[in-house]
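Comments concern the structure below.
The values are calculated or read from the model by the stated rules, or taken from the named source; none is laboratory data. All values reported here derive from a predicted model rather than from experimental measurement. Positions of Cβ are generated from backbone atoms using ideal geometry, with glycine treated the same way; all protein chains shown enter the neighbour counts. These area figures cover heavy atoms from the full protein model, side chains too; ligands, DNA and RNA do not enter into them. Shrake-Rupley method; radii C 1.70, N 1.55, O 1.52, S 1.80 Å.
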Amino acid sequence: METPPADNDAVVHTKNVLDISDKMDANGTLHWTPPEGRWRILRLGWSLTGKLNNPASEEGTGLEVDKLNQEHVKAYMDTYLGIYEQAVGRSNMGSQGIRYMLNDSYEAMAANWTDDILAEFERRRGYNPTPWLPVLTGRIVDNAEDSDRFLWDYRRTLADLIAEEHYGTISEELRARGMGRYGESHEALRAFIGDGMEVKKSADVPMGAAWARSNLPKLLPDLRESASVSHLYGQNIVAAESFT
């Protein structure tokens with residue numbers, strides 16, 4: 001992406017942003033002759049967060065799945081539930097056997113990119129995000145107000161994706177096997193890119209955390225949120241963690 005510097009070096013303008021992604025080869029070498037003038041080359045990349053699931057047995061520990069992409073979540077669920085099917089038989093998945101899966105609290109750190117994020121953004125928000133991507137690096141594009149609007153749209157897209165592509169896909173995969181989902185989300189005090197009510201609404205049983213002691217009042221909204229989800233979306237059971 002190319003951004004000609006404006007008079008204020010921190011501000012760029014969408015009309016001056018060029019996407020030259022197709023000028024870079026597989027080795028990362030840029031083959032591009034810029035037009036006359038001064039240009040700033042801005043290269044954006046992404047990688048895994050490196051976060052491992054926890055707590056889990058050694059055999060069950062690995063990298064967290066991409067929660068913003070239905071294809072990856074479905075592949076994970078097919079593999080994960082396939083292990084159960086091999087162990088107990090498909091007939092024992094559902095009403096005659098394993099009936100529910102529990103989604104525990106979200107402790108996977110925040111992610112802000114996936115394979116098709118640009119296409120998903122444009123489909124959901126109605127405009128091309130590419131000229132606005134410098135905003136994600138702390139730059140102002142056009143003006144502060146419009147840049148804030150883009151950030152709102154980008155974060156809204158991330159929230160939509162985690163609710164639909166992750167939690168929604170898990171629920172769909174379970175229901176295809178005659179199973180249901182108990183679903184927690186963010187509890188409190190940790191980073192979460194979604195909307196708690198949106199991610200719980202696809203759960204068969206919305207669920208809150210166990211930590212409802214009087215000295216931890218910040219977690220009480222998690223339980224109330226679960227009850228609110230049930231009222232709004234029609235589930236008639238709300239669960240909470242408890243100690244055995």
Say each of Ala176 and Trp32 gets a label point 7 Å from the Cα, pointing the same way as Cα to Cβ; how far apart are those two points in nm?
4.0
Shape box of segment 47-129 [Cα atoms, principal axes, largest first, Å]:
48, 27, 20
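What does the highest-first list of 101-111, 119-129 look like by mean Cβ count within 10 Å?
Values: 101-111: 17.3, 119-129: 14.5.
Output ranking for 101-111, 119-129: 101-111, 119-129.
Could you pull out the trypsin sites (Lys or Arg not before Pro) across segment 133-214 that fall in loop regions by DSSP (anything but H, G, I, E, B) with no more than 10 other Cβ atoms inside 10 Å?
Numbers: sites: Arg139, Arg149, Arg155, Arg156, Arg175, Arg177, Arg181, Arg190, Lys200, Lys201, Arg213; in loops: Arg139, Arg177, Arg190, Lys201, Arg213.
In loop regions of segment 133-214 (DSSP not H, G, I, E or B), the sparsely surrounded trypsin sites (Lys or Arg not before Pro) are Arg213.
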I'd like the orientation of helix 144-161 relative to the chain: the angle between its Cα long axis and the longest Cα principal axis, in ° from 0 to 90, rounded to 10.
30
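Got the relative contact order for segment 88-174 handy, in percent, Cα pairs under 8 Å and 6 or more residues apart? All intermediate terms of the calculation are to be shown ahead of the outcome.
Working: 34 pairs, mean separation 18.7, N = 87.
22 percent.
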Keeping all protein chains in position, work out how much accessible area His13 exposes to a 1.4 Å probe, and write it in Å² to the nearest 10.
60
24 Å Cα-Cα threshold exceeded, pairs from Lys67/Lys201; Lys23/Lys74; Lys67/Lys200
Lys23/Lys74
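So what is the orientation-averaged projected area of segment 100-244, using the convex hull of its C-alpha atoms, in nm²? Before the final figure, lay out each step's value.
Working: hull surface 43.8 nm².
Average projection, Cα convex hull of segment 100-244: 10.9 nm².
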Over its alpha-carbon atoms, segment 1-114 yields an Rg and a Dmax in Å of 23.1, 72
How big is the chain by the Kirkwood estimate over distinct Cα pairs, in Å?
20.7
Taking the 0 to 90 degree range and rounding to the nearest ten, how far is the long axis of helix 70-88 tilted relative to the main principal axis of the chain, both from C-alpha atoms?
30
Name the residue from Phe150, Tyr76, Tyr100 whose Cα lies farthest towards the positive end of the charge dipole of segment 59-157, charges +1 on Cβ of Lys and Arg and -1 on Cβ of Asp and Glu.
Tyr100
Could you size up the charge dipole of the chain around its Cα centre, putting +1 on the beta carbon of Lys and Arg and -1 on that of Asp and Glu, and report it in debye to the nearest 20?
500
Using only the Cα atoms of segment 84-186, what do you get for the radius of gyration and for Dmax, in Å?
19.0, 60
Calculate, for segment 1-137, the solvent-accessible area per residue in square angstrom, rolling a 1.4 angstrom probe over the heavy atoms of the protein chains.
66
Using the alpha-carbon atoms, what tilt in degrees (0 to 90, nearest 10) does helix 220-233 show relative to the longest principal axis of the chain?
90
Which of the chymotrypsin sites (Phe, Trp or Tyr not before Pro) found in segment 136-244 are loop residues per DSSP with 15 or fewer other Cβ atoms within 10 Å of their Cβ?
Phe243
Need one number: the % of Cα-Cα pairs in segment 24-91 sitting beyond the 19 Å mark.
61
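How many percent of the accessible area of segment 1-142 is carbon or sulfur, using a 1.4 Å probe? The partial results should precede the final answer.
Numbers: 4500 of 9220 Å².
The nonpolar share, carbon plus sulfur, comes to 49 percent.
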If unit charges are put on Cβ atoms (+1 for Lys and Arg, -1 for Asp and Glu) and the dipole of the chain is taken about its Cα centre, the option from Ile237, Ile41, Val205 lying farthest towards the positive end turns out to be Ile237
